Amino acid sequence: MSLIEIRDLTKVYQMGEVEVHALNGVSLDIDQGEWVAIMGPSGSGKSTMMHIIGCLDIPTSGSYILDGVDVSQMVESQLAAVRNHKIGFVFQAYNLLARTSAIKQVMLPMQYSRDGSRVPRAERRERAEEALEVVGMADRINHRPSELSGGERQRVAIARALVTNPSILMADEPTGNLDSKSGIEVMEVFHRLHEGRGITVVMVTHDEAISADAERVIRLFDGRIERVDRNGLRSEVESQKSKVGIPAQLMSDVGVVTPDKGSERC
Amino acid sequence: MLTQLGDLWESVRVALDGLLANKMRSALTMLGVIIGVAAVIALMSIGAGVQAEITEQISSLGTNILIVIPSSSGRVGNGGGGGAGSITMDDLDALSDPANVPDASLVVPEYSVSGQIIYGDNNFSVSAVGTTAEYQALYELGVASGEFFTAQDGGDKVAVLGSNVAADLFGDFDPVGLKIKFNSATSGQTTSLKIVGVLEEEGGSMFASTDDSIFVPLDTAQTRLANARNTLGALTLNRISVVATSEETVAPVNDQIEGVLRADHDLDLTDDDDFSVINQAEMLDTVTAVTDTLTVFLGAIAGISLLVGGIGIMNIMLVSVTERTREIGLRKAIGAQRSDILFQFLMEAIILSLLGGFIGILVGVGMGQLVNLTGMVTSVVTLSSIALAVGFSVAIGLFFGIYPANQAAKLSPIEALRYE
Ligand SMILES: Nc1ncnc2c1ncn2[C@@H]1O[C@H](COP(=O)(O)OP(=O)(O)OP(=O)(O)O)[C@@H](O)[C@H]1O
Ligand SMILES: Nc1ncnc2c1ncn2[C@@H]1O[C@H](COP(=O)(O)OP(=O)(O)OP(=O)(O)O)[C@@H](O)[C@H]1O
Ligand SMILES: [Mg+2]
Ligand SMILES: [Mg+2]
């Protein structure tokens, strides 16, 4: 059983008269401990898909099973709990609270933990310090966002995503606002977490160099999975629309599940 | 339990952080509540002070006194007709008869005439109270100079001056023996009066100020200063004061007076009284009802300012929610429940209104003290006004906090994060 099982996911935005089909039937499995990169042109639905996987948004149709639980049937409060302890989300724009020290930013998610995943108050500070240590920010715990460089802000954001020990770390263009040096530092943090702790990483990027680190690269186009590259076996799998002749065996090998109706394109 | 207290303290901290992040805005919001609460407390304590003062004045009248006055609700054309002329000398005689009102110790008539008092170039308006010598005993009046007129003075052109009247006309000079003129406002006649006495200062009373009146024998007032005869030719009175022998006999005396006067006025069983008998307890009730209304009215005015303050809170909360939409989105993204967000914003509203309420109490009490300094009224800060103001400000905080807080809490994390 995969950690993430997505079937026929669609997302339609109603913009007045016009329907925007941001996702057009995406099916995908991601295993525990995998590193998956999502690429594709602007507007191809990468962020939309990330938000649904990250339980920040709900699909228009299709099913999403996370860790054996059907998330697409969950109500708001259950989704909030899943976001809190199963998922760590890193945004391109950091999304740190203004006028708040790094340590407090990182302690924030624990404040919202309930029941089983609850961290005793006395341990929260220590946990936050550990998380900041992991991202190399131990010497900046009292800095506010305005006193941090871009790369440092993003590392604080990663520490915040990390502090509740989620099984999945999701990042939507985490280096998009950074210069290449800071970007490399941030990517080193992801590598440490992935290799050291075996954390599952799902990351959107426009940078081919960064996607080269991934074990699998999902390429989206117009709300569909156009192609999946795996461990240097680039272009081994053809796009879904022209998958004629590709053995089903190979398809499932690379984790792409072919939906029955996935062959016609709208 | 400890965890819950800790959680509460944490939400207070989060809310305080939010408020301190924008000190000026929080202070201005609080100002609305401060002004509202202060106004409620100041106005209500002034109202309570006025009430206490009036009550004390009525009590100082003496608890045994009953006052009989004409009543306009009486039947016209019988016993001298209703209204002003319904109480006559016959009634006085009947009430003075111990066989009729056995529990009365003193019966004192009054007939007042308003007019101008003139001495040399000075003149001003006074009320000339025609009464008997017992009036002095009734109100325990002290005489500063000369003496109060006696029963032998009946019909003589003599007058006793209240202390203010004497001071205004003669200053420190002792006027006893001098003559003044009284120009009646009702008859237009001018009568010369010899001053036989000056009263000591009594201080204000709410009904008629002794200090600002002059006192003349009853006959003099009824026949010389004015024509007190009604349409049937009977001499009338404005009021008869009856003193009961004790507090316990006030009620029997009240009944006795009513019985005597109804018989005297030939009223049928179905007729309304053409007179009123007022005693102190009834008067207190009436005045308390009036001052209660006054206090409620003042409270309502103050309540409006409190309401305006509450709308200020709501406005700020709405602005704050809009301004912090991205923060709300982030909090929800990392797992905050709708109730967490709701609670945080509600807490901010409650802290604002509680703190504002507390400062408002201090300011309101201070304003009451300032009013005391003017010496006009002594404000009385009541617990109920404090409870009302604080309860109201918390209610306002909750009421006006819930809407924006709920708006904030129901945003989807993605929508909120995308907000610009
Ligand atoms: N809230 C929304 N309302 C309407 N349309 C939306 C909304 N969010 C996304 N879309 C549309 O859905 C499509 C996919 O958007 P999405 O943000 O997923 O693209 P993306 O692949 O992340 O692009 P980029 O690389 O520029 O971030 C776009 O055409 C976009 O206009
Ligand atoms: N106001 C401040 N208070 C405390 N430390 C600060 C402040 N501003 C910057 N720093 C620290 O100074 C160092 C340099 O910051 P600076 O913003 O100049 O980096 P940068 O080279 O611009 O990085 P980036 O490329 O990420 O923007 C950082 O370690 C940061 O934490
Ligand atoms: Mg995007
Ligand atoms: Mg910089």
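Okay, residues lined up against (1) crowded, with 22+ Cβ neighbours inside 10 Å; (2) of a type outside the set (Val, Ile, Thr); (3) at pLDDT 95 or above:
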residue: A:161; (1), (2), (3): yes, yes, yes
residue: A:169; (1), (2), (3): yes, yes, yes
residue: A:201; (1), (2), (3): yes, no, yes
residue: A:238; (1), (2), (3): no, yes, no
residue: A:264; (1), (2), (3): no, yes, no
Response to the item:
Apart from one, (1) within 14 Å of ligand 2 (Cβ to nearest atom); (2) more than 14 Å from chain B (Cβ to nearest Cβ); (3) surrounded by 16 or more Cβ atoms within 10 Å (Cβ to Cβ); (4) of a type outside the set (D, E, K, R) all hold for residue A:94; the odd one out is (2)
Discussion item. Let me spell it out: the conditions are (1) among the hydrophobic types (A, V, I, L, M, F, W, C); (2) surrounded by 22 or more Cβ atoms within 10 Å (Cβ to Cβ); (3) away from chain B (no Cβ under 14 Å); (4) more than 16 Å from ligand 4 (Cβ to nearest atom), and residue A:186 meets all of them except one. Which number is the exception?
Written reply: (4)
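How many residues does region A:97-106 hold that are more than 7 Å from chain B (Cβ to nearest Cβ) and open to solvent by less than 50 Å² (accessible area, probe 1.4 Å)?
Restricting attention to region A:97-106, the residues satisfying the condition of being more than 7 Å from chain B (Cβ to nearest Cβ) are A:98, A:100-106.
Now narrow it down to the ones that are open to solvent by less than 50 Å² (accessible area, probe 1.4 Å): A:100-103, A:105-106.
Summing the residues that are more than 7 Å from chain B (Cβ to nearest Cβ) and open to solvent by less than 50 Å² (accessible area, probe 1.4 Å) in region A:97-106 gives 6.
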Worksheet item: Based on what the data block shows, is residue A:123 acidic (Asp, Glu), modelled with pLDDT under 95 and either more than 16 Å from ligand 2 (Cβ to nearest atom) or touching a Leu at 6+ places or on another chain (Cβ under 7 Å) (or both)?
Response: yes
Discussion item. If I ask for residues that are assigned to a loop (DSSP other than H, G, I, E, B), away from ligand 2 (no atom under 16 Å from the Cβ) and under 13 Å from residue A:38 (Cα atoms), which ones from region A:161-206 would you list?
Written reply: A:205, A:206
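Among the residues that make up region B:342-353, is at least one of them aromatic (Phe, Trp, Tyr), open to solvent by 10 Å² or more (accessible area, probe 1.4 Å) and either away from chain A (no Cβ under 14 Å) or within 30 Å of residue A:91 (Cβ to Cβ) (or both)? Outline the logic, then answer.
Here is the first cut: in region B:342-353, the residues aromatic (Phe, Trp, Tyr) are B:343, B:345.
Narrowing further to those that are open to solvent by 10 Å² or more (accessible area, probe 1.4 Å): B:343.
Applying the additional criterion that residues be either away from chain A (no Cβ under 14 Å) or within 30 Å of residue A:91 (Cβ to Cβ) (or both) yields B:343.
Yes: one or more hits.
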Discussion item. Can you go through B:223, B:210 and tell me which one is β-branched (Val, Ile, Thr) and surrounded by fewer than 17 Cβ atoms within 10 Å (Cβ to Cβ)?
Written reply: B:223
Item to complete: Give region B:266-321 a look and list any residue that's among the charged types (D, E, K, R), in contact with a helix residue (DSSP H, G or I) (Cβ under 8 Å, 6 or more places away or on another chain) and part of a helix (DSSP H, G or I), or say none.
Response: B:292
Response to the item:
Checked region B:278-328 for anything hydroxyl-bearing (Ser, Thr, Tyr), more than 33 Å from the chain's Cα centre (by Cα) and open to solvent by 50 Å² or more (accessible area, probe 1.4 Å); matches are B:322
Discussion item. Name the single residue that is farthest from ligand 1 (Cβ to nearest atom) among those in region A:44-83 being in contact (Cβ under 8 Å) with a residue 60 or more places away in the chain and more than 13 Å from chain B (Cβ to nearest Cβ).
Written reply: A:68
Discussion item. Can you go through B:375, B:335 and tell me which one is open to solvent by less than 50 Å² (accessible area, probe 1.4 Å) and either at pLDDT 90 or above or more than 16 Å from ligand 4 (Cβ to nearest atom) (or both)?
Written reply: B:335
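For region A:1-87, which strands (runs of 3 or more DSSP E) that fit wholly inside it have 3 or more residues that are crowded, with 21+ Cβ neighbours inside 10 Å and more than 16 Å from ligand 2 (Cβ to nearest atom)?
Working: elements: A:4-15, A:18-30, A:35-39, A:61-66.
Where strands (runs of 3 or more DSSP E) fall fully within region A:1-87 and carry at least 3 residues being crowded, with 21+ Cβ neighbours inside 10 Å and more than 16 Å from ligand 2 (Cβ to nearest atom), they are A:4-15, A:18-30, A:35-39.
The values are calculated or read from the model by the stated rules, or taken from the named source; none is laboratory data. Keep in mind that what you see is a predicted model, and the values were worked out from it rather than measured. Here the Cβ is made from the backbone with ideal geometry for all residues, glycine too, and neighbour counts use every protein chain on show. When the accessible area is computed, the model is the full protein with side chains, heavy atoms only, and any ligands, DNA or RNA have been set aside. Shrake-Rupley method; radii C 1.70, N 1.55, O 1.52, S 1.80 Å.
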